[in-house]
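Q: After the structure tokens below, expect a handful of questions from me.
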Amino acid sequence: MSKTNINGVIRDKTAEEQAEYDANKVTFDVVAEKLQTIKNMRRQKLEATDWMSNSDVTMPDYIKTWRQTLRDIPANHTNESAYNLLLARDSDGKLTHSVWTQPTE
């Protein structure tokens, strides 16, 4: 059992306190893992279009807008329900959120 610090007094956590702590830790780990998955997917999408930023290529505005939307994901999606929407898949296993689809114009 771990310790807790309440008003400067360190004591063992009660079984109930420990259970709550463990439940919150698991929830946090799941949420952090979802965010990391989203960031990895976002990085892959950005890397796939990095070549468009070369000096000899003119990046279309719709790609610039999409790339900015991808970069803004962590700021605009900040809780587990938003992460679940971003990670949702259809029956074929394809991501359903529109942010993942590279626009064609």
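Q: Where residues in region 39-50 are among the charged types (D, E, K, R) and in contact (Cβ under 8 Å) with a residue 24 or more places away in the chain, which of them is farthest from W100 (Cα to Cα)?
A: K39
Here's the yes/no breakdown for (1) out of contact with any Leu (no Cβ under 9 Å at 6 or more places or on another chain); (2) touching a residue at least 60 places away in the same chain (Cβ under 8 Å); (3) of a type outside the set (D, E, K, R); (4) in a loop (DSSP other than H, G, I, E, B):
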residue: Q18; (1), (2), (3), (4): yes, no, yes, no
residue: A32; (1), (2), (3), (4): yes, no, yes, no
residue: T37; (1), (2), (3), (4): no, no, yes, no
residue: M52; (1), (2), (3), (4): yes, no, yes, no
residue: Y62; (1), (2), (3), (4): yes, no, yes, no
residue: W66; (1), (2), (3), (4): yes, no, yes, no
residue: P74; (1), (2), (3), (4): no, no, yes, no
residue: V99; (1), (2), (3), (4): no, no, yes, no
residue: E105; (1), (2), (3), (4): yes, no, no, yes
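Q: Across region 63-95, what is the number of residues that are over 15 Å from E33 (Cα atoms), open to solvent by 80 Å² or more (accessible area, probe 1.4 Å) and hydroxyl-bearing (S, T, Y)?
A: The number of residues fulfilling the criteria is 2.
Q: Determine which single condition V57 fails, assuming it passes every other condition in (1) modelled with pLDDT of 95 or more; (2) touching a Phe, Trp or Tyr at 6+ places or on another chain (Cβ under 8 Å).
A: The single condition V57 does not satisfy is (1).
Q: In this structure, does N24 turn out to be open to solvent by 60 Å² or more (accessible area, probe 1.4 Å) and modelled with pLDDT under 90?
A: On the way: open to solvent by 60 Å² or more (accessible area, probe 1.4 Å): yes; modelled with pLDDT under 90: yes.
Considered against the rule, which asks whether it is open to solvent by 60 Å² or more (accessible area, probe 1.4 Å) and modelled with pLDDT under 90, N24 comes out as yes.
The values are calculated or read from the model by the stated rules, or taken from the named source; none is laboratory data. A quick note: this is a predicted structure, and the numbers were derived from the prediction, not measured. Note that we place each Cβ from the backbone using ideal geometry, even for glycine, and neighbour counts take in every protein chain shown. Ligands, DNA and RNA are stripped out before the accessible areas are found, and what is left, the full protein with its side chains, is counted by its heavy atoms. Shrake-Rupley method; radii C 1.70, N 1.55, O 1.52, S 1.80 Å.
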